[in-house]
Amino acid sequence: GSMEEVSLPLYFGWFLEYTFQDKLEVMAKDFLKTLGTLEVFKKHIRDFSGEGEEETNLEQYFQHKGPLHCTTKYCNYGKAKGAKEYAEKESVRQQYGSMTELAIGALFITPRTMGVRVLLTQDQLQLWPDDAEEKADAGPEAELPPGSRAHITLGCAEGIKPVQTGPDLLEILQLQKQGQEGEKVQDLENGPLTYYGNGIWVLSFTEPLLAPALFSSYYK
Ligand code: 2AM
C-alpha cells in the first residue's frame, strides 16, 4: 500500500496525562477494595465467581495493559471502516497533539469490564465518529446520543478484550434510559453506588472528575 495507508494508527484517542493515570488507577483500586467488603456485594458474588467459589479478589479480576485512554476512532492500521476518512477530517488534523480536559462522570464494573464514562463537550464531539454508537442489532428505540459510548477502559476480566467496555457502557445507559433505577446501595466518597443486576455496579460521581488528556494516536 501507499505511505498514507501504512501510517494509519491502531486507534486515535485522548491519552490521560501520566500523573492523572496514576490517580485514576488508585481511585479504581480503592473502589474495588471498598466494593469487595460490602455485604450487598458479597450477596451477589456469584456474578463474579464460579460455582463453589466464595471469594473473588476484584483487584486481580480486572487486568489492564497499555496507556489509559478514551478511544475516539479504532482504525486497525487502516483496516477498520471509515479509518482513512476519520484521519483526514479537518477537526482531527487540527486538534492532533493538543491537550483537552475530559470530564469523567461515573465508574462502572460488569463481570467483563471496568471503566469510566466520559462526558464529552461539544468541541470534543467534533472528534467523535458518527457511527460509534451503532449496534448491528439495535432498533430505533435503542438510539443513544452521539458520544454516549465515550469511556476509558480500566480493566478486563480474563479472556475479555477491551472493545467490550463500550457495549457494556451502552447497556448501562440503555437500562437508565428505560427508567431502571437499580438498587441504590449506599453513598460512597465520590457519590452514590447503584446495582443494576447481572453484576453491573455503577458509582456515579456527584462532581465530574476532570482529567487532562492529549489527543493523539497509538501504534503497537
Ligand atoms: P476500548 O476503547 O474500549 O478500550 C485497542 O484495542 C483499543 O482500541 C482499545 O482501547 C479498544 O477498546 C479499542 N478498540 C478495539 N476494537 C475496537 C472496535 N471495534 N471499536 C472501537 N474501539 C475498539
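Annotations for the structure displayed:
- Residue-level check: of (1) part of a helix (DSSP H, G or I); (2) open to solvent by 70 Å² or more (accessible area, probe 1.4 Å); (3) at pLDDT 95 or above; (4) farther than 24 Å from Glu88 by Cα, Glu141 misses just (3).
- Single match in Thr110, Thr56 (criterion: more than 15 Å from the ligand (Cβ to nearest atom) and among the hydroxyl-bearing types (Ser, Thr, Tyr)): Thr56
- Residue list for the range 101-131, filter: out of contact with any strand residue (DSSP E or B) (no Cβ under 6 Å at 6 or more places or on another chain) and open to solvent by 20 Å² or more (accessible area, probe 1.4 Å): Pro111, Arg112, Leu120, Thr121, Gln122, Asp123, Leu125, Gln126, Asp130, Asp131
- From the options Pro212, Pro208, Pro192, Pro146, residue that is free of Cβ contacts under 8 Å to residues at least 40 places away in the same chain, part of a strand (DSSP E or B), open to solvent by 30 Å² or more (accessible area, probe 1.4 Å) and away from the ligand (no atom under 14 Å from the Cβ): Pro192
- Some residue of the range 35-43 being among the aliphatic types (A, V, I, L, M), open to solvent by less than 20 Å² (accessible area, probe 1.4 Å) and in contact with a Cys (Cβ under 7 Å, 6 or more places away or on another chain): no
- Looking across the range 149-189, the residues that are part of a helix (DSSP H, G or I), of a type in the set (D, E, K, R) and more than 11 Å from the ligand (Cβ to nearest atom) come down to Glu171, Lys177.
- For the range 68-84, the condition of being more than 16 Å from the ligand (Cβ to nearest atom) and either loosely packed, with under 12 Cβ neighbours inside 10 Å or not charged (D, E, K, R) (or both) holds for none of the residues.
- Exclusive hit being modelled with pLDDT under 90 and in a helix (DSSP H, G or I), set Glu59, Glu4, Glu54: Glu4
The values are calculated or read from the model by the stated rules, or taken from the named source; none is laboratory data. From a predicted model like this one, the values you see are computed outputs, not experimental measurements. Using ideal geometry, Cβ is built from the backbone for each residue, glycine included, and neighbour counts are taken over all protein chains shown. Keep in mind that these areas ignore ligands, DNA and RNA; they rest on the heavy atoms of the full protein, side chains included. Shrake-Rupley method; radii C 1.70, N 1.55, O 1.52, S 1.80 Å.
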